[in-house]
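*Asks:* Got a structure for you, questions after.
The values are calculated or read from the model by the stated rules, or taken from the named source; none is laboratory data. Values in this document were obtained by computation on a predicted structure and should not be read as measured data. Neighbour counts run over all protein chains shown; Cβ positions are idealised from the backbone, glycine included.
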Ligand SMILES: NC(=O)c1ccc[n+]([C@@H]2O[C@H](COP(=O)([O-])OP(=O)(O)OC[C@H]3O[C@@H](n4cnc5c(N)ncnc54)[C@H](O)[C@@H]3O)[C@@H](O)[C@H]2O)c1
């Protein structure tokens, strides 16, 4: 990844930040996008402390706003001249509820960020990569992009859409040297998942976490660093022929039927 230009959305925390560390360690040049300006500034500071000389373009943007997506793509091209790799990662879980009881505003926000945000990203990055005749994209789906997940209808709808758009981008843009894949993480311990355990058991989120981990074939939750290593491979030239796949990173849990 040395000197490769990489855009990461949702880069301030969780999976996005872990990928920023992994790619900075490999000397990639980064454009970091997030709408949490404070967390993004802290992320930049931490990366600069750990990796001296790392090049970072920090961009505050909401991925659900098309004009802001166009702007983060334009700013990246203006600074670095090209985009080699795109980690289309920003997303939210929403509030858990049964389908018919789901808050309509939250439903729409989840779709706007997780589905439209991923689409806008590809809408503006793909033409740049097409002109270059080269590019690597990793969209972030979820196990909720290949399976149902109780009480998370808009999340599951949006993540299935991410899996679908990944397949279409792969079909349409493979001819231009662009390989597009998605990852489907299970429970990886990030601030989002910590928030999810709080929703499941507000009085004792740690108990919800332990209970969840005990059902995984590995008896553990995932580490954001493990996800970052897989993502780094798919964003690199080392991936020469995998295209349009949705790769589960979940300790094998999505293969399970019945109790463990
Ligand atoms: N952590 C997991 O176990 C897990 C599992 C499956 C899928 N995912 C997916 O991975 C991605 C990252 O999740 P995470 O666990 O790191 O979450 P997180 O909440 O820990 O971090 C997400 C980051 O994205 C940013 N973000 C959210 N909405 C944004 C928007 N509209 N515009 C710009 N930035 C925005 C947040 O500010 C935050 O910095 C999401 O798409 C999520 O659905 C995570």
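*Asks:* Suppose the filter is surrounded by 22 or more Cβ atoms within 10 Å (Cβ to Cβ), modelled with pLDDT of 95 or more and either more than 20 Å from the chain's Cα centre (by Cα) or within 13 Å of the ligand (Cβ to nearest atom) (or both); does residue 15 pass it?
*Replies:* Yes.
*Asks:* Only residues that are within 22 Å of residue 179 (Cβ to Cβ), surrounded by fewer than 22 Cβ atoms within 10 Å (Cβ to Cβ) and touching a strand residue (DSSP E or B) at 6+ places or on another chain (Cβ under 7 Å): list them for segment 57-83, please.
*Replies:* 80, 82
*Asks:* Taking the condition closer than 25 Å to residue 64 by Cα and part of a strand (DSSP E or B), does residue 193 pass?
*Replies:* no
*Asks:* Inside segment 1-106, counting only helices (runs of 4 or more DSSP H) that do not spill past its ends, which hold 1 or more residues that are touching a helix residue (DSSP H, G or I) at 6+ places or on another chain (Cβ under 6 Å) and free of Cβ contacts under 8 Å to residues at least 40 places away in the same chain?
*Replies:* Ranges flagged: 14-25, 37-50.
*Asks:* So, one more: Tally time: how many residues in segment 148-188 are away from the ligand (no atom under 16 Å from the Cβ), touching a residue at least 40 places away in the same chain (Cβ under 8 Å) and part of a helix (DSSP H, G or I)?
*Replies:* Qualifying residue count, segment 148-188: 7.
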